[in-house]
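The values are calculated or read from the model by the stated rules, or taken from the named source; none is laboratory data. No experiment lies behind these values; they were computed from the predicted model shown. In this analysis, Cβ positions are derived from the backbone assuming ideal geometry, glycine residues included, and neighbour counts consider all displayed protein chains.
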Amino acid sequence: MITVTLGMASMVFAVGALAGTLGSLLGIGGGVFLVPFLVLWMGLPIRAAVSISLLTVIATSTVVSASTAGSHQINMKLGMLLEVFTAAGALAGGITAQALSPHTLQLLFGASVSVIALVTLSRLNTRNVILDPDAEPGELGGRIFDPETGRTVTYRMKRLPVALAGSFVAGNLSSLLGIGGGIVKVPMLNAWCGVPVRAAAATSAFMIGVTATGGAVIYYGHGDVIPMLAAPAVIGVRLGGFVGVRLAARARARWLKLLLALILLVVAGSMFVRAL
Amino acid sequence: MSEQGIERLEVRLGRLLTFGSTVSTVTLAVGVVAWLVARDSAIVGPIVNVGLLILMATPIARVAVSVAGFAWQREWRYVLMTMAVLATLAGSILVALRGGR
């Protein structure tokens, strides 16, 4: 068992705050930053890092969704549908994670994150919205206020099977890697399914709390969580989340995507270096 | 499903999430403060663990309330979906319990 010192606890708190800010700004849990930090700089076992990260993802999702609920950014119907698949993926991933070696987990982390970064980069200038606010959004589409044009825009859901399969994979990766899975779902919904990035981010943030819970309880049950590091991490992420939500309301979609892709590449690179 | 119905549910879920995250964060903060004051105190562990359990219970409660909300609006397809999610979460809890802490 690792003895937690005051220095370790404060460091985790500070990084949690940073991860929370970036995470809620980008509509992802922030775990993608927290896991590499806990593993690479603090030398925690990857399963401990993943479990702590999942707990912070629950906190981020909860705070972000509480603040966006009622503002027409979350696509509830789509969220509820995709959640079925993402929760199943999380359960499968949580079981698999107990069997994989730490080395394999790290390689998987680096590889998955690289792919996601490249997909995001390739879609920087694409907009998915139909500008006519009276267009019919369909059962799973929606309308969202676009602050960049100052108008309400309509979007339709495309390629539903891709979204369902992707959600299962996202849930799976979530439990294996300690991420919310938003990092998979946001680019996927945005790039392939026609959902504007803001709606994709809000809907994803709404789902990832449930996804992360599916994995977190399994790690918790197996005794992987270090409570005295999880507590400052969660508090830090929560404080950071407040800042991120406020920044996100003002940020531009293209800038958000670029920031996300760049951070992902750095994170993926460092995990590869560590694993090889 | 009516847009007002779903909006009401969304706002209700938002309130539930605010409540759960506030209670868990406050509990965790109390645990951290207790730890800072008395590092070896026997109450620190239980407080922090209760905070973490409340944190994990919040999304589960959100799904449970969604089931009820959709049932209230007679949206049986969505009742089925949210119940499937609830069943999966129950599966995770079963796996966790068998982990034998």
Can you run down the residue pairs with Cβ atoms below 6 Å, 6 or more apart or on separate chains, where the first is in segment A:207-229 and of a type in the set (D, E) and the partner is surrounded by 24 or more Cβ atoms within 10 Å (Cβ to Cβ)? A:D224/A:S51
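Here is a list: A:L44, A:L22. Which entry is under 25 Å from A:T120 (Cα atoms), hydrophobic (A, V, I, L, M, F, W, C) and crowded, with 17+ Cβ neighbours inside 10 Å? Please lay out each step first, then the result.
Numbers: A:L44 fails: under 25 Å from A:T120 (Cα atoms).
Result: A:L22 is the single residue among A:L44, A:L22 that is under 25 Å from A:T120 (Cα atoms), hydrophobic (A, V, I, L, M, F, W, C) and crowded, with 17+ Cβ neighbours inside 10 Å.
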Go through (1) more than 7 Å from every other protein chain (Cβ to nearest Cβ); (2) of a type in the set (A, V, I, L, M, F, W, C); (3) assigned to a helix (DSSP H, G or I) for B:A42 and report which single condition fails. (3)
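Could you please let me know if A:L160 is out of contact with any helix residue (DSSP H, G or I) (no Cβ under 8 Å at 6 or more places or on another chain), touching a residue at least 12 places away in the same chain (Cβ under 8 Å), farther than 24 Å from B:A64 by Cβ and not charged (D, E, K, R)?
Numbers: out of contact with any helix residue (DSSP H, G or I) (no Cβ under 8 Å at 6 or more places or on another chain): yes; touching a residue at least 12 places away in the same chain (Cβ under 8 Å): yes; farther than 24 Å from B:A64 by Cβ: yes; not charged (D, E, K, R): yes.
Answer is yes for this residue.
Scanning segment A:69-94 for residues that are of a type in the set (V, I, T) and modelled with pLDDT of 85 or more, which turns out nearest to A:V267 (Cα to Cα)?
That would be A:T86.
Looking at A:G244, A:G214, which is the one that is within 30 Å of B:L53 (Cα to Cα), more than 13 Å from chain B (Cβ to nearest Cβ), surrounded by 17 or more Cβ atoms within 10 Å (Cβ to Cβ) and of a type outside the set (A, V, I, L, M, F, W, C)?
Within the list A:G244, A:G214, the selection yields A:G244.
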I need a count of the residues in segment A:247-262 that are buried (at least 18 other Cβ atoms within 10 Å of the Cβ) and more than 21 Å from A:Q73 (Cα to Cα). 1
Which of the residues spanning segment B:48-92 are crowded, with 19+ Cβ neighbours inside 10 Å, facing another protein chain (nearest Cβ under 9 Å), closer than 20 Å to A:A59 by Cβ and touching a Gly at 6+ places or on another chain (Cβ under 8 Å)? B:V48, B:G51, B:L55, B:T58, B:P59, B:R62, B:L89, B:S92
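Name the single residue, out of those in segment B:1-15 being among the hydrophobic types (A, V, I, L, M, F, W, C) and surrounded by fewer than 21 Cβ atoms within 10 Å (Cβ to Cβ), that is farthest from the other protein chains (Cβ to nearest Cβ). Before you say what the answer is, go through the steps one by one.
We begin by selecting, within segment B:1-15, every residue among the hydrophobic types (A, V, I, L, M, F, W, C); these are B:1, B:6, B:9, B:11, B:13.
Adding the requirement that they be surrounded by fewer than 21 Cβ atoms within 10 Å (Cβ to Cβ) leaves B:1, B:6, B:11.
Values: B:M1: 7, B:I6: 5, B:V11: 4 Å.
So the residue we want is B:M1.
From B:V95, B:V50, B:V37, which residue is at pLDDT 95 or above and not aromatic (F, W, Y)? Talk me through it step by step, then tell me what you get.
Details: B:V95 fails: at pLDDT 95 or above; B:V37 fails: at pLDDT 95 or above.
That would be B:V50, the only listed residue that is at pLDDT 95 or above and not aromatic (F, W, Y).
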